[in-house]
Structure formats: structure tokens, C-alpha cells
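Reviewing the structure listed below.
The values are calculated or read from the model by the stated rules, or taken from the named source; none is laboratory data. If you're wondering where the values come from, they're calculated on a predicted model, not measured in any experiment. Every residue, glycine among them, receives a Cβ derived from its backbone with ideal geometry; neighbour counts consider all protein chains shown. The area values use the complete protein model at the heavy-atom level, side chains included, leaving out ligands, DNA and RNA. Shrake-Rupley method; radii C 1.70, N 1.55, O 1.52, S 1.80 Å.
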Amino acid sequence: MFCLPLLEKKFPALSRVPRLAIKPGEASKDIHTLNLVWEWLAAKGAGRDAVLINLGGGVISDIGGFAAGTYHRGIRYINIPTSLIGQVDAAIGGKTGINVDSLKNQAGLFYDPEGVIIDPVFLSTLPERHLRSGVAEIIKSAALSGGEIWERICFVKITDDQQWKSHILPTAHIKCSIVAADPFEKGQRKVLNFGHTFGHALETLSMRDGSKTLLHGEAVAAGMILEGVLSNRILNFPDQQLDRLTSLILHYFQPAPVLPDKAEDLLGLITKDKKSFGGIPGFSLLEETGKPVYDIVCGEAALREAISIFNSLVK
Ligand SMILES: NC(=O)c1ccc[n+]([C@@H]2O[C@H](COP(=O)([O-])OP(=O)(O)OC[C@H]3O[C@@H](n4cnc5c(N)ncnc54)[C@H](O)[C@@H]3O)[C@@H](O)[C@H]2O)c1
């Protein structure tokens, strides 16, 4: 609605192509919407030479990429991300998917777009809460990368959308280089899941609860504190670095404590995470900022301790 006129202004020929609008929000990232896209492609007579253009946030690139990868056993697609999360993360790297029973990204494909067109101009209409949500993935990339990028995000607090925009290119580059080294997440790419094991479980719980849905970046922000604490307990991630990570996240986000009954649900969901092996979660953690590791097995006692320390940090 906001971005299509901007796109048509740049590419007038696009005003003549068929289009399908999808109801906004994470709840649309499901099998019903996927089916809607398949049916629409079929109704429009899209053949194997069709190209699907995904204009929107991470929900659109995830569903659109999955639809493109499965329709006629794979047609080409292009991502034009319009949210901050889309521009720094979701549209890049070929991970596509949908949620199943509110479980995040349970069905999906690795299927690369033909191209990703990133233009910060689209962000001018993105609501502030969604921009802020994107900061979580920027912080994650900086923590994985360490060095100058990490120092910059710690010292120069992002206060306006101009500054958010200045982080798009470096963050997109970090993702591209990690993905290029391991496109199918057999190893190194797993580091990008830092904050996401707890984060996805929190996101699922909030979708099921329905009262106050967490945005993806808000859930990942809380997940990074939880997994930062795990890193500290299990891998000796230094106290001072944990403090910096936590205070940086708390500068942008106000995560709620995990109440005792929710803690049980959270632990149950974590064992269903895609990154678990036979019910034992494999976490992506930090030995230091700039030194991520993956497939770290954490026992239930460590997870409970992390939740308890998290609660004391965010209260
Ligand atoms: N595939 C991946 O590698 C990957 C990586 C990170 C996140 N994700 C997924 O991405 C999703 C989160 O992405 P998101 O934060 O973009 O959510 P989203 O797609 O739901 O977009 C957020 C909201 O902003 C609106 N919006 C988007 N661009 C806008 C604009 N320019 N102006 C006004 N409104 C705009 C959308 O309609 C929506 O209401 C989650 O489902 C997450 O799992 C995927």
C-alpha cells in the first residue's frame, strides 16, 4: 500500500503486472496464505518462466520465497524488502518458510532469489516499533562480527531513522558473507541463530497467547539476553561483554520477565526447535563478541538458570 507507488514510480512498467496483497502480520505466515499465493499464481496463468516479486517485510519474503520455490517446482523470484528486518536479514540468504501451528518456520526451503533490491526510501513509512524491531538483528550481526562494527553500535546509539539506515549495508554484508560460506546451514551459518532459539520460542508463545504479540525483533532481543547469559555460564563469555550486550539491548527494548508458568512452556517449545537434535537443543552462542560458536548443547538446569538471571536483568 505504501511502497507500491514508490516502486511504480521507479519502474512504471510494474503498474501493469498482476498483484496480490496479503494481510499484514506474522499470523499471515501460514499454510492458508501460501495456498492463496499458489492459487493466485495458477489463476493468473503463471508459467515456469514467471517471476514473483516480493514487496514487503520478512513475512512477505518468507512466504513469497516458499511459494516461488514450490510453484511449478520452482519459479524465479526477486525480493524487495520494505522493513528494516527485511533489508538487513530476512530478504537475504534464501531461507523461506511458514509457521505451522504457530511454531516458527517449521516448513520451508532454502531457495535463493534472483536478486534483492534494497532501498532505504521504503523505510520512511515503516512504523517506529517495526524499525526498532529491526535493530535487534543489527545488534545480533554486530555481536557476531565483533571489532569495529560492534564498537560502533555500542558507542553510537541509534536515535533516528537516518542512523538506522546507515547500518543496513554493513549488516547486509555480514549476512551475505556468512551465507555465502555455508548456504545450506550445515555449519557456520548456524551462528546467525544467536538469540533465535529462545527468541523463536518466545515469539511462538506470544502468538499463542494472542494478548500482546511480540514482534520478531523484540523476541530476538530477549533471546539474545537469554543466550548471552547461557554463553556466560557455559562458555565463559566474559561478564563485562555480557553487561555491554545486555545494556545495549535494554537501551532499545524492554523485555518482560518470563513468568514461572511461561518458563515451562518455553522449555517445552525449545526442545521442538529446528535446531534441536532428538529434543536436545543445539544453541548458537558467543565465546566472545566476534567469536560465535554453534551446536552447543545446554542442559535443562542451565536453561532454567538463564531464565532466572534474565528475569533479574530485565525487571
Ligand atoms: N528468512 C530469513 O532469513 C529471516 C530472517 C529474519 C526474519 N525473518 C522473518 O521475518 C519476519 C519479520 O519481518 P518483519 O519485521 O519485516 O515483519 P513483517 O513482514 O510482518 O513487517 C512488519 C510490518 O510492517 C509493515 N510494513 C513493512 N514495510 C513497510 C513500510 N515500508 N511501510 C509501512 N509498513 C510496512 C508490514 O505490513 C507489517 O505490518 C518474521 O516472520 C521472521 O521470522 C526471516
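Based on the mean of other Cβ atoms within 10 Å per residue, sort peptides 193-202, 24-33 so the most packed one is first. Provide the component values of the computation, followed by the final result.
Numbers: 193-202: 26.4, 24-33: 16.0.
Peptide ranking by packing, descending: 193-202, 24-33.
Above 21 Å lies some portion of the pair distances; for region 12-155, what is it as a whole percent of all C-alpha pairs?
That tail contains 46 percent of the Cα-Cα pairs.
Can you classify region 113-218 as rounded, prolate or oblate using the Cα gyration tensor, where a ≥ b ≥ c are the square roots of its eigenvalues, rounded means a/c under 1.5, and otherwise it's prolate if a/b beats b/c and oblate if not?
Rounded, because the longest to shortest axis ratio a/c is under 1.5.
For the chain, take the longest principal axis of its alpha carbons; what is the angle in degrees between that and the long axis of helix 300-314, to the nearest 10 within 0 to 90?
Around 90 degrees separate the two axes.
Taking all protein chains as present, what is the carbon and sulfur share of the accessible area of the chain, in % to the nearest whole number, probe 1.4 Å? Could the numbers behind the result be given before it?
Details: 8260 of 14540 Å².
Its accessible area is 57 percent carbon and sulfur atoms.
Just going by the charge dipole of the chain, with Lys and Arg at +1 and Asp and Glu at -1 on Cβ, which of LEU34, LEU245, TYR71 is farthest out on the positive end?
Among LEU34, LEU245, TYR71, the one farthest towards the positive end of the dipole of the chain is TYR71.
Taking the Cα atoms only, what angle lies between the long axis of helix 31-43 and the longest principal axis of the chain, rounded to 10 degrees?
Once rounded, one gets 20 degrees.
Reported to two decimal places, what Rg/Rh ratio describes region 255-315 when computed on Cα atoms with Rh from the Kirkwood expression?
0.99
What does the highest-first list of 289-298, 88-97, 12-21 look like by mean Cβ count within 10 Å?
So the order, starting with the most tightly packed, is 88-97, 289-298, 12-21.
How high is the relative contact order of the chain, in percent, with contacts defined as C-alpha pairs under 8 Å that are six or more residues apart?
14
For a 24 Å ceiling on Cα separation, which of these pairs sit above it: LYS140/LYS186; LYS165/LYS186; LYS29/LYS272; LYS157/LYS190; LYS23/LYS95; LYS44/LYS95?
Listed pairs above 24 Å: LYS165/LYS186; LYS157/LYS190; LYS44/LYS95.
For a protection proxy built on the mean count of beta-carbon atoms within 10 angstrom, sort 213-220, 183-190, 251-258 highest first, please.
213-220, 251-258, 183-190
Going toward the positive end of the dipole of the chain, with +1 on Lys and Arg Cβ and -1 on Asp and Glu Cβ, which of GLY199, LEU214, ILE85 do you reach last?
Farthest towards the positive end: ILE85.
By the scheme Lys and Arg +1, Asp and Glu -1, what is the net charge of all other residues having a beta-carbon under 15 Å from that of LEU36?
Within the 15 Å Cβ shell, the charges total +1.
On a 0 to 90 degree scale, rounded to 10, what angle separates helix 128-145 from the longest Cα axis of the chain?
60
Just the accessible area per residue of the chain, please: how many Å² with a 1.4 Å probe? Could you put the intermediate results ahead of the total?
Values: 14540 Å² over 315 residues.
Heavy-atom SASA per residue in the chain reads 46 Å².
For region 168-214, state the average projected area of the convex hull of the C-alpha atoms over all orientations, rounded to one decimal in nm².
Approximately 4.3 nm², given one-decimal rounding.
What are the ³J(HN,Hα) couplings of region 200-209, residue after residue, when phi is run through the Karplus curve with 6.51, -1.76, 1.60 and θ = phi - 60°? Round to Hz, x for glycine and proline.
5, 5, 5, 5, 4, 4, 5, 5, 6, 5
Taking the Cα atoms of region 186-315, what is the range of coordinates along each of the three principal axes, in descending order and whole Å?
Over region 186-315, Cα extents along the principal axes are 37, 35, 25 Å.
Can you tell me how region 4-57 classifies by the Cα gyration tensor, rounded, prolate or oblate, using a/c under 1.5 as the rounded cut? Display every interim value, and only then the final one.
Working: a/c = 2.64, a/b = 1.23, b/c = 2.14.
Verdict is oblate for region 4-57.
Share of antiparallel DSSP beta bridges in the chain, in percent to the nearest 5?
Counting DSSP beta bridges with both partners in the chain, the antiparallel share is about 60 percent.
Taking 20 °C and 1.002 mPa s as the conditions, I'd like the Stokes-Einstein D for the chain in µm²/s, using the Kirkwood hydrodynamic radius from alpha carbon pairs.
Details: Rh = 19.9 Å.
Estimated via Stokes-Einstein, D reaches 108 µm²/s.
Using Cα centres only, tell me the gap between region 58-92 and region 162-200 in whole Å.
16
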